[in-house]
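The values are calculated or read from the model by the stated rules, or taken from the named source; none is laboratory data. Every value quoted in this text rests on a predicted model; they were computed, and no experiment measured them. We place every Cβ from the backbone using ideal geometry, glycine too, and count neighbours over all the protein chains shown.
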Amino acid sequence: MLAVLDGGTYYHHETIHGPRYRGLFDRVLYAPELTPAALRDIAVLIVPDRMSPLLLHRHRDLLLGHLARGRTLVVLGENEPQSWIPGVIWSPRPTNFWWWLEKGAVPPHRFPRPDHEFFRHVAPGDTVWHFHGVLTPPAGAETLVAVPADPEGRDAGGALFYDDRSTTPGRLMLATLDPFYHHGSHFMPATTRFLDGFLPWMRDLARA
Amino acid sequence: MRSTTCAEAGAVPRQALLLTCGHVETAGAALSRHATPDRAILALDQYALDAAPLEGCAGLLIGMHSDQRFLAAHAGRLERYLRQGGSMVVNGHVAYPFLPGASSFQPVPGGHPRDLEVHRERAHPIWAGVSAHDLTFRRGVAGFYGRGWHRPPEGALVIHSLGQERWPLDIIWRVGAGRVLLHGGNDLWQFGDGIAPRLLAWLFDESGAL
């Protein structure tokens, strides 16, 4: 079963309850009311971008328990995972919303694992939009989307999306990308294409 | 920014409450820069609204990242606050029924930049000195200020609209003795230092003018 947390914002409402993706989710869990019973039969739980980090911190034991039971947890961007998932390292970067307006702009994104299953569902170019900080993946994690070191020396580069099947008995997919917000705001077509590929993959993974 | 509750009912209301959404360090920074001792902004996590008396608050500020389902569960309380003379500034797309008189958000049809052009329907002090052109474009890109519309309640003032069809974007209306400003896009206080201080002046205006 595939479940998604619902933060009750307008963009969670549009992305989760809108007609485009609603049929993919087996269960929608309103985040303030999350209970252990609601997760018992869930294989894959998606924590959309831009949930309240305070709420995620409050539900930390439930969310980490999901991983400890060998299940899959997907955590998207702007959720301050470094404050509630052990071992997560995140460095902020000023967000460049304008990279695509610069003359001859080439996005810095790299795809070190082009043969990863992720890319059978999501085209590399559909992960490319502005980003909100970079993650340092733990040993054993597979980096799916990477960026090189910050040109102004704020960080040594890292991942925008990694798949960690090493650190816990479960599988943690962690990203700094925020597609629920942008799709749900009718804003950025790349984020819709990302979800068009990613969410059906999650449904298949949850039902496998 | 201070974190407490507004003064007791009966005190002169000189404080507004900003509901925050868990990002404690960055919440409302662009707005709070313009607060003064007699126009204080108190930050309160949205889920603590239950415990906060609203009666002493000059205004309630609700950002685009708010949990509207939670707010909708408190719609009666919000409406009572407004009817008794409170003021609310609400940003974002209305997806749940938490705001008396507000309809659900609809995206503007069409994908051309002219569909996202901001039109000034009438002058208003909050936007004095800021042109509709400046609201429309950031670095030549349209759509940051708003991408959709809400149906205005009876008697509402529409300040800005979008596109040739003039879809209502910034709307102000009365609820009882109180008033609501709905900006159907990204948080108003993000749009430069011109708007935020005037927004606070409006919120703290004791005349209650729309």
Six or more apart or on different chains, Cβ under 6 Å: which pairs go from a residue in the range B:137-150 that's more than 10 Å from chain A (Cβ to nearest Cβ) to one that's outside any loop (DSSP other than H, G, I, E, B) and modelled with pLDDT under 90? Could you list them? B:A142/B:P113
Can you find a residue that is within 18 Å of B:Y96 (Cβ to Cβ), within 14 Å of chain A (Cβ to nearest Cβ) and at pLDDT 90 or above anywhere in the range B:30-48? yes
Being in contact with a helix residue (DSSP H, G or I) (Cβ under 6 Å, 6 or more places away or on another chain), more than 14 Å from every other protein chain (Cβ to nearest Cβ) and either within 16 Å of A:D163 (Cα to Cα) or without any contact (Cβ under 8 Å) to a residue 12 or more places away in the chain (or both) narrows A:H121, A:H116 down to just A:H121
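Only one residue in A:F180, A:F198 is at pLDDT 95 or above, within 14 Å of chain B (Cβ to nearest Cβ), in contact with a Pro (Cβ under 8 Å, 6 or more places away or on another chain) and not in a strand (DSSP E or B), so which one is that?
That would be A:F180, the only listed residue that is at pLDDT 95 or above, within 14 Å of chain B (Cβ to nearest Cβ), in contact with a Pro (Cβ under 8 Å, 6 or more places away or on another chain) and not in a strand (DSSP E or B).
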Selected residue (criterion: farthest from B:H119 (Cα to Cα)) from residues of the range B:158-207 that are among the small types (G, A, S) and in a helix (DSSP H, G or I): B:A201
For the range B:55-71, name all the residues that are away from every other protein chain (no Cβ under 14 Å) and of a type outside the set (A, V, I, L, M). B:E55, B:G56, B:C57, B:G59
For the range A:78-92, which residues satisfy the criterion of being touching a strand residue (DSSP E or B) at 6+ places or on another chain (Cβ under 6 Å), in contact (Cβ under 8 Å) with a residue 24 or more places away in the chain and more than 21 Å from A:L39 (Cβ to Cβ)? A:I89, A:W90, A:S91
Name the one entry in B:S161, B:S131 that is more than 14 Å from every other protein chain (Cβ to nearest Cβ) and buried (at least 21 other Cβ atoms within 10 Å of the Cβ). B:S161
Residue pairs, Cβ under 6 Å, 6 or more apart or interchain, first in the range B:178-203 and touching a residue at least 24 places away in the same chain (Cβ under 8 Å), second among the small types (G, A, S) and in a helix (DSSP H, G or I). List them. B:W189/B:A30; B:W189/B:A196; B:Q190/B:A30
List pairs: first in the range B:94-105 and at the interface with another protein chain (Cβ under 10 Å from one of its Cβ atoms), second among the charged types (D, E, K, R) and crowded, with 19+ Cβ neighbours inside 10 Å, Cβ under 6 Å, 6+ apart or cross-chain? B:Y96/B:R69
Would you confirm whether any residue within the range A:90-99 is polar (S, T, N, Q), over 28 Å from A:A156 (Cβ atoms) and either part of a loop (DSSP other than H, G, I, E, B) or touching a helix residue (DSSP H, G or I) at 6+ places or on another chain (Cβ under 9 Å) (or both)? no
